[in-house]
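Remarks on the structure that follows.
What follows draws every value from the coordinates through simple rules; no lab data is involved. Since the structure is predicted, the reported quantities are computational estimates derived from the model, not experimental observations. Cβ coordinates were reconstructed from backbone atoms using ideal geometry, including for glycine residues, and neighbour counts include every protein chain displayed.
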Amino acid sequence: MAERSFAREVQDLRLGDGEEFRGEGILAVTKALLQSGVGYVGGYQGAPISHLMDVLADAQDILAGLGVHFETSASEAAAASMLAASVMYPIRGAVTWKSTAGTNVASDALSNLASGGVTGGALIVIGEDYGEGSSIMQERTHAFAMKSQIWLLDPRPNLPSIVQAVEEGFALSEASNTPVMLELRIRACHVHGSFIAKANRKPAMALAEALENPVRDTGRIVLPPASFMHEKEKIEKRLPAARRFIVERGLNETFPGDLDEIGIVLQGGLYNGVVRALQGLGLADVWGNTRVPLHVLNVTYPLVPEALVAFCAGRKGVLVVEEGQPEFIEQALATELRRADVPTPLYGKALLPMAGEYTAGVLSPAIRTFVETVAPALGRALRTAPSPAAVLADDRIKNLARTVPARPPSFCTGCPERPIFSAMTLVQKELGQHHIGADIGCHLFAINPPFEIGATTMGYGLGPSSTAALQVKAAKRPIAVMGDGGFWHNGLLNGIGNAVFNKHDGVVVVVDNYYSAATGGQDLLSSRADNKTRSTRHPIEAAIRGVGGKWVRTLQRTYDVATMRDTLREALTTTAQGTKFIVASSECMLNRQRRERPAFAAAVKRGERRVRPRFGVDEDVCTGDHACIRLSGCPSLSVKRSADPLREDPVATIDQSCVGCGNCGEVAEAAVLCPSFYRADLVHNPSRFEVWWAGTQARIIRWLQMRRERRHMVLTT
Amino acid sequence: MLDVNLSADRPITLAILAMGGQGGGVLADWIVAMAEREGWVAQATSVPGVAQRTGATIYYVELIRRRGNAAPVLSLMPVPGDVDVVIAAELMEAGRAIQRGLVTPDRTMMIASTHRSLTIPEKAHPADGIIDGRPVLEAMHFAARQVIARDMQALAAASGSMISASLFGALAASGALPFSREAFEATIREGGVGGAASLAAFTAGFATPATSSEAVKTETGTILGGTPTQRARLESLLRRVDDEFPVEARPMLRLGVARLIDYQDLDYAGEYLDHVAALVALQPSLASEAARQIALAMAYDDLIRVADLKTRQGRFARVAREAEAQERQLLDTTEFLHPRLAEICATLPARLGKRIEASPAMARLLTALFEKPRRVRSSRLTGFLQLYAVAGLRRWRRQLLRHEREADFLRNWLDLVASEAPRDPALALELLRCRRLVKGYSDTRQRGEGKFARVTGALPQLAGRKDAADWLRRLRDAALADEAGKALDGALATVATLEDGP
């Protein structure tokens, strides 16, 4: 069950002809898939395309009604392999993931798929995680498209264009027997807009029909001599077919303008940014009218040389706006112009930065320089675009650099992973600093303050193998961290199996929070929830033992910092041979609260007895050393100015957002910090006897308190 | 050749800077829903990603009045220098918005919550790492066309709602959007869940702030409880404060006296005044700092003090208040204590305590018996009585080992200050302040004493230098900079290289 419920959005998937769909870009894609008669969908969740997976997971009945098969793939490789169903059968399939992280994982299957080619439309929806908000290495999916010859769509970032790209994408794939990638940038995935829907279509051919009437063709299988034929076919048949389709359907758009001595060639995804930049210079308006002719590449691979040459010919200069590097499009265009002997000067990375996101702030000055260089007269007439330069030049603003702190992501309030790293910190205080290989997932936040734990991260589920070279005899053992998400994605074999087989001596900590939490709390094999459509509750420990793990400890309550610390110490110091596995299990607090809060409130309403724990700090006992925060970093545990005028340092305080996970108290105990922490259990609907007994004790306590306080004089301050 | 005439229409642009979990998305959704119900075209986008997990994140919205079926081309990201409304859900996020060039004098209505959500380095600092927010407020008023800056978090919390609601109210009040208050409120109602609370917070955010009324202060300096003789003795102590000490030090001294009668008794408060007086005789300028530091040093944090504070009526009331305990609800309070042998011996009569410390066998036994995490239910009679009994040891505190050691520490420290007071008042002042290094319990306390020793250990190298005080201050700041004391190592290394100086 995902972090966010899409119960309402699911209804939008039922919209019929002419009805208006309003919502997020990635949800529009989901509706477009159903409108296109997709037969099966798979993928691996991850920002910015998680919602595509989540909404389909919540829409299983609709999918069943249409006969659409939906899978939550174990990895992007598994998702890409799913597209094999479209190789021989005229069935449309779509898969999705975060790129380039996921495309790296899927490459093996993608290369094979692209080599043999497809019959049914095969669409790969790519969340291009590039620029602000990205959580991965900065690379381009474009390179994958070129090396495997998979067509790449980069539509203008508005819902109608995106929906059209899905529909045309399938058609293009079928017309050219080639898989197609649909690239959506982060903001396009999250953009709120609207489009006019069409009714959903059942797949042209039912999957069951294909299964019952199997078809095969050795010529489609990647093995010599077929593989050599495939490469020829790619160039002689599929590429020309694709270019013909792109031209016939007018997938790329040319927006005319009166300033025809200049022109701009751009990726569709950058259209809105370019138009806004032109607007600032007085060359376009908010309704998309432009004075500079634009050639918008909604298909960025393959390019159509004739169309590009035709657009460039006769102009004094053309600007290529292409985000990221290397600048494949600019290079290709330059080559085509040279071949066609068209002398039009080409500007691109010469004026725009080679690397980094093309924000409006970057585009505007580049376009200005372009115009000024190519058409000086026009350049002088340009309006001055809005700019913060004057403000930013002021010392009062410059000095903010010394004031405003960075705010990297961190563990949520009550996160069960925090105590694991508190314990690791305590162990390292005893045994010294260790080499700790990190992995992908929420636990990677441990690299930030206060823990600053984790040396490298090599990829999802690759934490343990990232310490493989260091598995040698030494005074210290390497530690590797891996989440349950990574474990089932790739880690069981490349992490655990690899460690067992190579007799690693190190420690592997598997952080099990019951979900693929970082991507939005999707279920996994080891999830504890009952999932009607998936098989869950497969313990991680059983899997580890299954591949030969011997020394395995499973902790069912990560908040028990002392036990966690002692287990880690044992794993690091035991004489036992082989890899030491620690499975640290506790439910992701975000998801747990989402499940428990309403249930708790309902129970209290029904008059049932319920206890809500919350933690607090006695500010007059706290001495303001903040050791507790250095071992926790919980958002609900902060500091405030002391009410005591004698004390200089701020004291610890716990705010209303505390969920009573208990980490504060456990850490205070385990690290023998200070006695300031207390837990206040609020008992809702207590029994009569409880009330009476508590009242009696309270009365005696109050009498004792008054007795002592009468004796002591107070001077009010 | 075609001729293009461009429309002058421009969208209203809003950027929302928030932290994951603050409901920035809800705010953006409200704005979109309102615009659409008012017949406008709205586009919103965001780059949450991992920032959803407590990190800084930005939401961007553009609104434009519908023109038939024409589809506007709206930006997916804020254009620096071209943002009409910037909403910041926290003070430093407002600063970030300004740094990004989103706030400009010709255009931007800046709506910011002035509350702070401290970053981990600010919280984790061993002393005081809280960043001064004033530069952001100044920058805000310089960079923005208009500023609405209030503690929107407090307003929301008071209404039991999220900050997004109070910010939405402030947005309505700002008049930056061409929509009526009714439209805003209708949008919240149509949003459903938590509507009532959200509307209350909205109203609070909408209202123009009442001129901040001073909090009613309780009469200070009044004496409560005690026998007539005790009261008379306290009055004489207070007279002593007024007669013997410089005027600027008297408030701090009264606090000190109040603290020490609360901590121990009148005699102890008397000793306190004697200690301060001794230093003032040597160097009057030390009075205020001496009054503060000596009071803190004498009111050292021991088990008795902890038990005392945790068993008071006032504390019980505060816990109930913070837990928001309602009628027909019970409150059960559990204390997390971990007394170690050292603390246990320190709470025994000096001789006995030392003997036990000296005997490994006894030490082992007591460790086995007592040194373990204890969860004491102070709201239950059994637990309360344990703490109450420990607090009762106060009567004998002066005979206990801990007091003997604290007294030694106090004496040595004050002697050190006294030795420098006549010739280098500045240095003496810094020495007084070094007491700040010694705080906390168990390990923390030991680490503090270690740092105190290392810092004051540098005195021989420094004494006599014109900039000695300066150097000592630097050493102290270094000692407070990080837990491990890396900064201090560096600073001491530097001091060691000083040749006989200016």
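Quick notes
- A:ALA480 long-range amide H proximity, modeled H, under 5 Å: A:GLY437, A:VAL507, A:VAL508, A:VAL509
- In order along segment A:636-650, the Karplus-derived 3J(HN,Hα) couplings, from 6.51 cos²θ - 1.76 cosθ + 1.60 at θ = phi - 60°, round to 7, 9, 10, 10, 9, 4, 6, 6, 7, x, 6, 7, 9, 8, x Hz, and Gly and Pro are given as x.
- Axis angle, to the nearest 10 degrees, between helix A:360-374 and the longest C-alpha principal axis of chain A: 30 degrees.
- With contacts taken as Cα pairs under 8 Å at a separation of at least 6 residues, segment B:40-161 carries a relative contact order of 21 percent.
- Within chain B, longest stretch clear of exposed trypsin sites (Lys or Arg not before Pro) (DSSP loop, no more than 10 other Cβ within 10 Å): B:1-216
- Inter-chain Cβ neighbour count for A:626-634, averaged per residue, equals 6 (cutoff 10 Å, partner chain atoms only).
- Inter-probe distance in nm under a simple model that places probes 7 Å from Cα toward Cβ, at A:ALA355 and A:GLU570: 4.7
- Karplus (6.51, -1.76, 1.60) ³J(HN,Hα), θ = phi - 60°, over segment B:114-119, in Hz, Gly and Pro reported as x: 8, 6, 10, 10, 5, 7
- Residue list for segment A:280-296, given a label point 7 angstrom along the Cα-to-Cβ vector of B:ALA8 and an amide N cut-off under 16 Å: A:280, A:282-287
- Other residues lying with their Cβ under 12 Å from the Cβ of A:ALA680 contribute a combined charge of +1, Lys and Arg counting +1, Asp and Glu -1.
- FRET efficiency for A:LEU239 and B:ASN69, using Cβ-Cβ distance with R0 set to 41 Å, rounded to 0.05: 0.60
- Once C-alpha pairs closer than 8 Å and six or more residues apart are averaged by separation and normalised to the residue number of segment A:418-591, the relative contact order reads 24 percent.
- Segment B:18-80 versus segment A:39-60: alpha-carbon centroid distance in Å: 23
- Degrees, to the nearest 10: B:163-174 long Cα axis against longest axis of chain B: 50
- The mean number of partner chain beta-carbon atoms within 10 angstrom of a residue's beta-carbon across peptide B:370-383 is 3.
- Taking amide H atoms as placed 1.01 Å from N in the peptide plane, the amide H of A:GLN522 lies under 5 Å from those of A:GLU3, A:SER516, each 5 or more residues away in sequence or on another chain.
- In percent, rounded to a whole number, the relative contact order of segment A:18-249 is 28, using alpha-carbon pairs under 8 Å and six or more apart.
- Among the trypsin sites (Lys or Arg not before Pro) within segment A:352-456, those in coil by DSSP and having at most 14 neighbouring Cβ atoms inside 10 Å are A:ARG383.
- Cleavage-rule hits (trypsin sites (Lys or Arg not before Pro)) in segment A:573-638: DSSP loop, at most 12 neighbouring Cβ within 10 angstrom: A:ARG606
- Extension gain for A:ARG553-A:ILE700 works out to 48.2 nm (0.36 nm per residue, less the C-alpha to C-alpha distance).
- Sequentially through segment B:343-351, phi angles give Karplus couplings (6.51, -1.76, 1.60; θ = phi - 60°) of 5, 5, 4, 5, 9, 9, x, 3, 4 Hz, Gly and Pro residues having no value and appearing as x.
- Taking the longest Cα principal axis of chain A as reference, the axis of helix A:418-431 is set at about 70 degrees.
- Exposed loop positions in chain B were taken to be GluC sites (Glu not before Pro) whose DSSP state is not H, G, I, E or B and which have at most 10 other beta-carbon atoms within 10 angstrom. Between these positions, the longest stretch is B:1-213.
- With a threshold of 23 Å on the Cα-Cα distance, the over-threshold entries among A:LYS198/A:LYS532; A:LYS98/A:LYS198; A:LYS198/A:LYS237; A:LYS473/A:LYS580; A:LYS429/A:LYS476; A:LYS640/B:LYS451 are A:LYS198/A:LYS532; A:LYS98/A:LYS198; A:LYS198/A:LYS237; A:LYS640/B:LYS451.
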